[in-house]
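Enquirer: One structure coming up, written as structure tokens, with questions to follow.
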Amino acid sequence: MGSFRASSKARRVSSGWFPEKPRWATIFGPLCRNICSLTAARLPPRHFPRDRSKFGTIAAVALQLFRDARAALNKLPDALERARNRYSVKSDGLLAVPIAALEVLGDIAPGVRMRGLRRLPQNFGAGLVGAEVATWGAVSPSLLPHSWWATAANVGVLQGIGHGFATVASQALRPATSHSPNASLPVPVRVAMTGVTLSVFATSMRRRVRQEKLVESDDTFKISAQALGITLGTLGYGAVLIVGDAIQTFIDAINELLGKKLPPVASWPLAIVGGGAVLIVVGDRMVVRRFAERVSRQALELDREFMRGADQPQRRGRSGSPESEVDWKTMGRQGRAVVAGGPRKEDIARLVGGDAMEPIRVFVGLDTERNEDPDFEDMAAVAVREMHRTGAFERSHIAVMSAAGTGWINDFHTSGFEFVTRGDCAIVAMQYSYLPSAYSYLADRTNPVRSSRVLIEAIRRELQKIGPDQRPKLYVGGESLGAYGVSDAFENVDEFLEHTSGGVFTGTPGFARNHGELTKHRAKGSPQRLPLIDGGRHVRFTAHPAHVRHDFRGDDYANAWEAPRFVFAQHASDPVVWWEPNLAWRAPDWLKEPGARGVPAPRAQHLDALDTMRWMPLVTFWQIGIDQLPSKEYPSPHGHNYHDETVAYWNVVVHGQGDSAGEGLLTRPELVRVARWIHNDATKTRMPKGGFPSKHGY
């Protein structure tokens, strides 16, 4: 305690012992005083009663609120007059109304805008013009119909971006122009812009109705919902301006502090860099990390839960059964659903007839109780031992399927493969994360590929020990992140053509390497949405089951479909497929080809997105990013839902089609019965307590 005695440069305060002049105080003390003085100078005086009891405190707060309200009402007429004199629709456009309301709010309620630190700058006009132009893009249709909240997100963010770009451009051009920064646009230009804004609104509303038909949406267009979204988005734009105002005040305080020692040419850049660094660090520690920790904790708790419809399997051909090496409790919530659901031998025989076998399902989950990074080599070894235990290597078909995020695998992949092979198969999968797909999609693109590669290599080593005549065929498949993980588990396209017998990949994200290589080297004249690869000899891209038989024009493929056969299914309305970071600055080919910019696509392409869509810098990037959130709310084959069609794809990948098709090819009526059974089984197995967020989720 010697170092904390009063004699050793310490001082006593009511809450404990503190060093007298810590190093951080000499650095941040003046900065804090500057910020506080800038704020306090504008704060109205507060006079609270001295009664410190609970009742006294409440009474004091109520009294102060009453005084603030009365003061606000007294200021309202003058605030309205100032806003009316400063903003008008004639000179500033339609956004003058919400911005004027923001100015009034700041005048009568200083606490809303940092206690009235500053009024909106006089050169605000350029930002308003930029925000209005950005609104044209914000309300324009993208891949999926916009709900009120999507409209609000698009309008708020894009208006803020447009404001920022226009303000920067205005300041940069100011020395070269003779116009005052306060000058309004000429009346004819202003009227023209207002006319364009109203026209864009009307056109977007009309196209929205057509878009709902294309994706078979259950919702009907309501202008009230869109008006609500635009209103909330514009208020969000105002909130962005408030935050920007607060940041500017913070930078000003730093500049004032540095300006005491440095000239402006040095103090301003340092203030901007230093203030920005502080904001980034604080935002990372106080917002980003806390949010990530909360999401991770909730996802972990959910992964440990048990679904009501997922009972522990008792048949030996399933992982998690009493005979299995895989502990039922460590398989994860979605992993337990994988092995609990799906058809049994009797279900297959009843629906498709013929001799059926008991399907084998092997799933190795993350043991989240160990709190360690996943050891995929060890997990793959467990999977191989499970395959030997269940007799998987004695089946004719083995499918390695990669999960999407939490361990979820589309039941139309797993059950569809089992019906198509009449149970003469084994499905093998490993969990690589317990985070929801959206977070794995953004934060973890290594583990999906690494886990799939390790598992496939372990299985291939075992297959090499089996003679060619008895060796099972190896297939690969997955959806979304699962499609990315299992397709990119191979170094290049030639490798997965050489080492597997086929595969089905649905909703593959745009950043997948092998998917991108195939698309890049497509036949000249074929669209990015439905590339032609080597005349359809091995790989066929589809947006509809009909595309396994003909190309985007409706013509027969130049080459017969030879084994190994692969399908990449991707809907034109699936934002997961089409979103890429470079959308922010570069127009993709699919927005330059027929099916965009008002040029219709061939009817045989089965385009389920508006052909009037155009690329806009930043706007398209943001809108398609937002479209991913509701992409599961539309029936298959639209959005990011791949259901009945997935069974049809596995049917032709395994058996072929036409004259070369094998005897086990399912007929169309059988495919319909199977798809209906899978939907009912998946719903029963995975139904959460409150029901699915969307009825089209299953």
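Enquirer: Just wondering, is there one or more residues in the range 285-298 that are surrounded by 15 or more Cβ atoms within 10 Å (Cβ to Cβ), under 30 Å from THR685 (Cα atoms) and either touching a strand residue (DSSP E or B) at 6+ places or on another chain (Cβ under 8 Å) or of a type in the set (A, V, I, L, M) (or both)?
Expert: Yes.
Enquirer: Report, by residue number, each residue of the range 444-466 that is in a loop (DSSP other than H, G, I, E, B) and touching a residue at least 60 places away in the same chain (Cβ under 8 Å).
Expert: Of everything in the range 444-466, those that are in a loop (DSSP other than H, G, I, E, B) and touching a residue at least 60 places away in the same chain (Cβ under 8 Å) turn out to be ARG445, ILE466.
Enquirer: Among the residues of the range 383-408, count how many are aliphatic (A, V, I, L, M), outside any helix (DSSP H, G or I) and modelled with pLDDT of 95 or more.
Expert: Summing the residues that are aliphatic (A, V, I, L, M), outside any helix (DSSP H, G or I) and modelled with pLDDT of 95 or more in the range 383-408 gives 4.
Enquirer: On to the next question. Considering only the range 232-255, I want to know if a residue exists there that is assigned to a loop (DSSP other than H, G, I, E, B), of a type outside the set (Asp, Glu) and out of contact with any Ser or Thr (no Cβ under 8 Å at 6 or more places or on another chain).
Expert: Within the range 232-255, none of the residues are assigned to a loop (DSSP other than H, G, I, E, B), of a type outside the set (Asp, Glu) and out of contact with any Ser or Thr (no Cβ under 8 Å at 6 or more places or on another chain).
Enquirer: A follow-up question, please. Considering each residue of the range 467-486, count those that are in a loop (DSSP other than H, G, I, E, B) and either at positive phi or in contact with a Ser or Thr (Cβ under 9 Å, 6 or more places away or on another chain) (or both), and give that number.
Expert: Matching residues across the range 467-486 total 2.
Enquirer: Please work out which residue is modelled with the lowest pLDDT, limiting yourself to the range 159-177 and to residues that are in a helix (DSSP H, G or I) and polar (S, T, N, Q).
Expert: Applying the filter and picking the extreme gives GLN171.
Enquirer: Please go through the range 605-650 and pick out each residue that is free of Cβ contacts under 8 Å to residues at least 60 places away in the same chain and of a type in the set (Val, Ile, Thr).
Expert: none
Enquirer: Something else about it: Restricting to the range 365-423, name every residue that is of a type in the set (S, T, N, Q) and within 28 Å of the chain's Cα centre (by Cα).
Expert: THR368, ASN371, SER402, THR406, ASN410, THR414, SER415 - these are the residues of the range 365-423 that are of a type in the set (S, T, N, Q) and within 28 Å of the chain's Cα centre (by Cα).
Enquirer: Yes or no: the range 462-485 includes at least one residue that is among the β-branched types (Val, Ile, Thr), out of contact with any Pro (no Cβ under 8 Å at 6 or more places or on another chain) and surrounded by fewer than 24 Cβ atoms within 10 Å (Cβ to Cβ).
Expert: For the range 462-485, residues among the β-branched types (Val, Ile, Thr), out of contact with any Pro (no Cβ under 8 Å at 6 or more places or on another chain) and surrounded by fewer than 24 Cβ atoms within 10 Å (Cβ to Cβ): absent.
Enquirer: Follow-up. Could you check how many residues of the range 595-626 are surrounded by fewer than 16 Cβ atoms within 10 Å (Cβ to Cβ) and of a type in the set (A, V, I, L, M)?
Expert: 1
Enquirer: Run down ILE348, ILE280 and say which single residue is more than 32 Å from the chain's Cα centre (by Cα), in a helix (DSSP H, G or I) and aliphatic (A, V, I, L, M).
Expert: Only one candidate qualifies: ILE348.
Enquirer: If a residue has to be over 12 Å from HIS606 (Cβ atoms) and either part of a loop (DSSP other than H, G, I, E, B) or touching a residue at least 24 places away in the same chain (Cβ under 8 Å) (or both) to count, how many in the range 554-576 make the cut?
Expert: 16
Enquirer: Checking the conditions here, which among PRO617, PRO637 is modelled with pLDDT under 95, under 27 Å from ALA560 (Cα atoms) and assigned to a loop (DSSP other than H, G, I, E, B)?
Expert: After ruling out the rest, the residue left standing is PRO637.
Enquirer: List every residue pair whose Cβ atoms lie under 6 Å apart, where the two residues are 6 or more positions apart in sequence or sit on different chains, the first residue falls within the range 388-409 and is charged (D, E, K, R), and the second residue, located anywhere, is assigned to a loop (DSSP other than H, G, I, E, B).
Expert: Pairs that qualify, where the first residue is charged (D, E, K, R) and the partner is assigned to a loop (DSSP other than H, G, I, E, B), are ARG395/ASP424; ARG395/PRO472.
Enquirer: Based on this model, can you work out whether VAL674 counts as closer than 30 Å to ALA560 by Cβ, crowded, with 21+ Cβ neighbours inside 10 Å and β-branched (Val, Ile, Thr)?
Expert: Yes: the conditions hold for VAL674.
Enquirer: Another one. Filter the range 487-512 down to residues that are assigned to a helix (DSSP H, G or I) and out of contact with any helix residue (DSSP H, G or I) (no Cβ under 8 Å at 6 or more places or on another chain) and give me whichever is farthest from LEU455 (Cα to Cα).
Expert: ASP494
Enquirer: Just the residues that are out of contact with any Ser or Thr (no Cβ under 7 Å at 6 or more places or on another chain) and basic (Lys, Arg), please, taken from the range 281-313.
Expert: ARG285, ARG289, ARG290, ARG294, ARG297, ARG308 - these are the residues of the range 281-313 that are out of contact with any Ser or Thr (no Cβ under 7 Å at 6 or more places or on another chain) and basic (Lys, Arg).
Enquirer: Quick check: is even one residue across the range 568-583 over 20 Å from SER487 (Cβ atoms) and of a type in the set (D, E, K, R)?
Expert: Checked against the condition, which is being over 20 Å from SER487 (Cβ atoms) and of a type in the set (D, E, K, R), the range 568-583 yields no hits at all.
Enquirer: If you don't mind, there's one more thing I want to ask. Please go through the range 244-279 and give me each residue that is among the polar types (S, T, N, Q) and either over 28 Å from VAL157 (Cα atoms) or outside the structural domain of ILE161 (by TED's automatic domain parsing) (or both), ordered by number.
Expert: Within the range 244-279, ASN255, SER267 qualify.
Enquirer: Look at the range 138-151 and say how many of its residues are small (Gly, Ala, Ser), surrounded by 22 or more Cβ atoms within 10 Å (Cβ to Cβ) and not in a loop (DSSP other than H, G, I, E, B).
Expert: So the answer is 1.
Enquirer: Only one of these conditions is not met by GLY274: (1) out of contact with any His (no Cβ under 8 Å at 6 or more places or on another chain); (2) under 24 Å from GLU633 (Cα atoms). Which number is it?
Expert: The one condition GLY274 does not meet is (2).
Enquirer: Okay, moving on. For GLY233, which of the numbered conditions (1) within 30 Å of GLY125 (Cβ to Cβ); (2) at pLDDT 90 or above; (3) in contact with a Pro (Cβ under 9 Å, 6 or more places away or on another chain); (4) not aliphatic (A, V, I, L, M) fails to hold?
Expert: (3)
Enquirer: Continuing with this model, one more query. Which of the residues spanning the range 236-262 are closer than 24 Å to TRP136 by Cα and modelled with pLDDT of 85 or more?
Expert: Those that are closer than 24 Å to TRP136 by Cα and modelled with pLDDT of 85 or more: GLY236, TYR237.
Enquirer: Would you confirm whether or not the range 358-373 contains a residue that is at pLDDT 95 or above and not in a strand (DSSP E or B)?
Expert: yes
Enquirer: If you don't mind, another one. Using the structure shown, decide if GLY320 is part of a loop (DSSP other than H, G, I, E, B), farther than 22 Å from LEU442 by Cα and in contact with a strand residue (DSSP E or B) (Cβ under 8 Å, 6 or more places away or on another chain).
Expert: yes
Enquirer: Is it fair to say LYS632 is among the basic types (Lys, Arg), crowded, with 16+ Cβ neighbours inside 10 Å and part of a loop (DSSP other than H, G, I, E, B)?
Expert: Criteria met by LYS632.
The values are calculated or read from the model by the stated rules, or taken from the named source; none is laboratory data. Because the structure is predicted, anything quoted here is derived from the model rather than measured. Here the Cβ is made from the backbone with ideal geometry for all residues, glycine too, and neighbour counts use every protein chain on show.
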